[in-house]
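The values are calculated or read from the model by the stated rules, or taken from the named source; none is laboratory data. Not measured: the values here are computed from a predicted model. Cβ atoms come from the backbone with ideal geometry, glycine included; neighbour counts cover every protein chain shown.
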Amino acid sequence: MRALRRFTVRASLPEPLSALSTLATNLRWTWHPPTQDLFASIDSRVWSEVGGDPLRLLSVVDAGKLESLARDEQFLLKLHALASDLERYVNGPRWYQRRQDEISGRRERGSSDTPLPTSVAYFSMEFGVHEALPNYSGGLGILAGDHLKAASDLGVPLIAVGLLYRSGYFRQSLSLDGWQVEHYPVLDPRGLPLELLTEPSGLPLLVHVAMPGDRMLRAKIWKAQVGRVPLLLLDSDVEQNDDDLRGVTDRLYGGDQNHRIRQEILAGIGGVRAVRTFCELTGHAQPEVFHTNEGHAGFLGLERIREYITNDGLDFDQALTAARAGAVFTTHTPVPAGIDRFPVDLVQHYFGAENLVPGVNTQRILALGAEDNPGMFNMAHMGLRLAQRANGVSKLHGEVSRDMFRGLWPGFDATEVPIGSVTNGVHGPTWAATEMSKLLGASESDAVDNKIGLGIGAFEPVTDAGLWELRSTLRGRLVQEVRRRLRESWLQRGASALELGWTDSVFDPSVLTVGFARRVPTYKRLTLMLRDPERLRSLLLHPERPVQLVVAGKSHPADDGGKALIQQIVRYADDAGVRHRIVFLPDYDMSMARYLYWGCDVWLNNPMRPLEACGTSGMKAALNGGLNLSIRDGWWDELYDGSNGWAIPTADGVNDPIRRDDLEANALYELLGSQVAPLFYDRGEDGVPTRWMSMVRHTLASLGPVVQASRMVREYVETYYAPAAASAQNVVGEGYRGAKELSSYRHRLRASWTRVRVLDSDLVLGGSSVPVLGAPVIVRARVELAGLEPSEVDVQVVLGKVSHDSDELKDVVTAPMNYAGNGNYEAEVPLPHAGALGYTVRVLPRHGLLASPAELGRVVLAS
Ligand SMILES: *Cc1c(COP(=O)(O)O)cnc(C)c1O
């Protein structure tokens, strides 16, 4: 008989063991090996059966076992030590609190440093904290999870918000002929490390969001505790909801546009309401800063505007100004098809009745998402228009984003577009193998301070032989895992156990192991390695220097193209001639990923440059001494230094994609066969590949500290959260004086700007007739201010190189011009370059509350 429904009953713990429940529900155990060891010691067999999940362990472990542990002095001692360690971790001061103390000390001495925000809300559609809470699809979610964990380690007061999906993302298996098959196991939130937020009466607290046709979408709020950080997850599976609305949070990235916009409305608008409720319930400080992780949750800005209008009596423009000040938007994709967009009609359908965010004008909402195509509403554009500060996720991606979104700031050079970058990072304690952290002498406090003991000095005492032995152990562990998963996959594909003897000997723990695992959108080029199947075969089967290749990745369920690529790999790997050297493992997730990052010698990445915004899997491999072999895209573009791995040359400028793939695949084979493999197999007398190990050391030393999420979160705090909090305080204080002033300034600009004009200008060369580099020149201009005050604009001279066939200014230098009365401006500037130069004069808005001169997208150029 099959169960009609499933539900989970938590074990009742004997009183002396009650602390186990705290340790099991705070997800800090996921990156705290001593806590994992404690749970494993309860029953190591059950621990591995339940996949290292404390709550599941507690619900299945024998009651007698728990009774005897309740009397076991040794166990209780360890339990209480860990419980007080967690208590200190959660409540004690950490990096952020020390920074706050430093800043307030300086402020007492009269400095004008702005205080750090007392609370920051972080919105994301997915969070990958651990496979025990499968609420993510891939990189974006895992990045969000790593962000929370690093924020927790650093003591950053974050509240995270997202949705709880009843079936998470899909689980992947394969059909006999290698086609992806999707499963959607239903999760019972009561069996997950979650707590339901309830009223004092015990009834669930509900968030309400109005739907068209006078309907109401309600959602429960679950809380996961990620170290110090509460993660609120909204769940629409509420009895009072209509059936279709009950299913809003059924799956991550499943369903049509209508389903998706409902999810995003719930995450954004419902998300803000959940944060408000949570803060009122717990006394937690209300957030000063709102961080939108990718466009999906962008509707949160509309709810904040509604709050300012309803609660504080601001008009739309003032409310927009106030909401923008505390908002940070992070964009994650340079792939146009990856940008989240909705038909305008659909947005109109949900927002048109004006009861979803009452008082917020629908036309103004539509304008926030406007793009080139008048029929589409663009969530990234809205994100950018609703946030005073924005960033991409690597230096290269910042550059690509400035170019991609420059249309929102017409008249400015791409370099001036106000989108910065914070390069992603990964959470060291989550992704570095425990043995690696130990060997390199990393302690938890190091991890917090972002060192993880990977400075070269810190691990010089470790010998090459010692490090090599650990690398070999990790590779061996991966080989075991590959065999286990391959066998399971074949059983699922319909093979009989009797014919699977061969899976016990696939892969060899001493062979150079290359990993390639990621989602399967086209730009990641899963099958580039198959460009020349014979050439790959000869690399795999090389008599002295063989390579073994482990491949994994999920294709979006609606993407048959991606599934065909997977099938191509699977069919290749099914061939009896190579199947011992290449495998495709289905169901790539965090539980598989860690074995790959620990055990692979080389991490391969071959996206179509520059479409990989950052990429993080290579960072995780690097933390374990894996060497990257990658196209110079995303993070690798800025952190490859010539000896910490290999850069696959790109055929930049070759537009024919087929030819480009040929060239780049060829470069990949070439590198693997003639550089990577020979280095790996070049052994000293003790069997240690000395030159390889020096690259491993250099990788650990040069990348170890910078690829970590602690570095990333500190950058967010210093360059985004703190300035955003300061801006927010400036616009909100004294009854929203700043918001009102800035908004009225924007009104005045709107009225005058089309009439502002540079009437004429000239450039006077000093002294000698032939100007020399560095010689001062005087530039004068006369400007029609159209009623604006001279203090309300900046007039600048822009000097740069020009080429013989174009007046386009290059390598520009800008200098402010001084007001000399009567609309006259003047500046003296040294000539910045030799050769052919040109100049122009431009007028920009000036207001103390703008974060950048380009912010308003207004500029008048001399013509
Ligand atoms: C890190 C990670 C990703 C993202 O890797 P990219 O290099 O950004 O593609 C995806 N899935 C899992 C399971 C991961 O651990």
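General remarks:
- Exclusive hit being among the hydroxyl-bearing types (Ser, Thr, Tyr) and either more than 44 Å from the chain's Cα centre (by Cα) or at pLDDT 95 or above (or both), set SER803, SER769, SER852: SER769
- Note on the range 256-295: among residues that are in contact with a Ser or Thr (Cβ under 7 Å, 6 or more places away or on another chain) and among the charged types (D, E, K, R), the one that is surrounded by the most Cβ atoms within 10 Å (Cβ to Cβ) is GLU294.
- When TRP646, TRP603 are screened for being under 23 Å from the mean Cα position of the chain (by Cα) and modelled with pLDDT of 95 or more, only TRP603 passes.
- Scanning the range 309-333 for residues that are in contact with a Phe, Trp or Tyr (Cβ under 6 Å, 6 or more places away or on another chain) and either surrounded by fewer than 18 Cβ atoms within 10 Å (Cβ to Cβ) or in a helix (DSSP H, G or I) (or both) yields a total of 2.
- Just one of the listed residues (ASP574, ASP589) is more than 16 Å from the ligand (Cβ to nearest atom) and modelled with pLDDT of 95 or more, and it is ASP574.
- Being touching a strand residue (DSSP E or B) at 6+ places or on another chain (Cβ under 6 Å) and without any contact (Cβ under 8 Å) to a residue 60 or more places away in the chain holds for only one residue in VAL570, VAL551, VAL511, and it is VAL551.
- ALA558 meets the conditions (1) at pLDDT below 95; (2) under 30 Å from GLN675 (Cα atoms); (3) more than 16 Å from the ligand (Cβ to nearest atom) in every case but one. The failed one is (2).
- For the range 334-353, a residue qualifies if it is closer than 19 Å to ALA370 by Cβ and in a loop (DSSP other than H, G, I, E, B), and the qualifying residues are ILE339, ASP340, GLY352.
- Of all the listed residues (ALA701, ALA709, ALA665, ALA613), the sole one being within 25 Å of ALA593 (Cα to Cα), out of contact with any Pro (no Cβ under 9 Å at 6 or more places or on another chain) and within 16 Å of the ligand (Cβ to nearest atom) is ALA709.
- Flag if SER112 is of a type in the set (Gly, Ala, Ser) and modelled with pLDDT of 95 or more: no
- Per the listing LEU148, LEU143, the residue uniquely in the same structural domain as ASP235 (by TED's automatic domain parsing), surrounded by 23 or more Cβ atoms within 10 Å (Cβ to Cβ), under 17 Å from the mean Cα position of the chain (by Cα) and within 13 Å of the ligand (Cβ to nearest atom) is LEU143.
- For the range 592-610, the candidate set comprises residues that are touching a strand residue (DSSP E or B) at 6+ places or on another chain (Cβ under 7 Å) and either more than 12 Å from the ligand (Cβ to nearest atom) or in the same structural domain as ALA144 (by TED's automatic domain parsing) (or both); within that set, the residue that is farthest from ARG525 (Cα to Cα) is GLY599.
- Residues of the range 114-123 that turn out to be buried (at least 22 other Cβ atoms within 10 Å of the Cβ) and touching a His at 6+ places or on another chain (Cβ under 8 Å), as a count: 4
- For ARG107: the one exception among (1) under 25 Å from GLU715 (Cα atoms); (2) at pLDDT 95 or above; (3) not polar (S, T, N, Q): (2)
- Residue within the range 725-737 that is closer than 26 Å to ALA862 by Cα and either among the hydroxyl-bearing types (Ser, Thr, Tyr) or touching a Phe, Trp or Tyr at 6+ places or on another chain (Cβ under 8 Å) (or both) present: no
- Of the residues screened, GLY626 is one that is over 20 Å from the mean Cα position of the chain (by Cα) and surrounded by 24 or more Cβ atoms within 10 Å (Cβ to Cβ).
- Check on VAL161, more than 16 Å from the ligand (Cβ to nearest atom), touching a Gly at 6+ places or on another chain (Cβ under 7 Å) and under 24 Å from GLN286 (Cα atoms): yes
- Going through (1) farther than 24 Å from TYR681 by Cα; (2) within 16 Å of the ligand (Cβ to nearest atom) one by one, THR503 falls short only on (2).
- Candidates ASP641, ASP532, filtered to the one that is surrounded by fewer than 18 Cβ atoms within 10 Å (Cβ to Cβ), within 28 Å of THR434 (Cβ to Cβ), away from the ligand (no atom under 13 Å from the Cβ) and in the same structural domain as TRP502 (by TED's automatic domain parsing): ASP641
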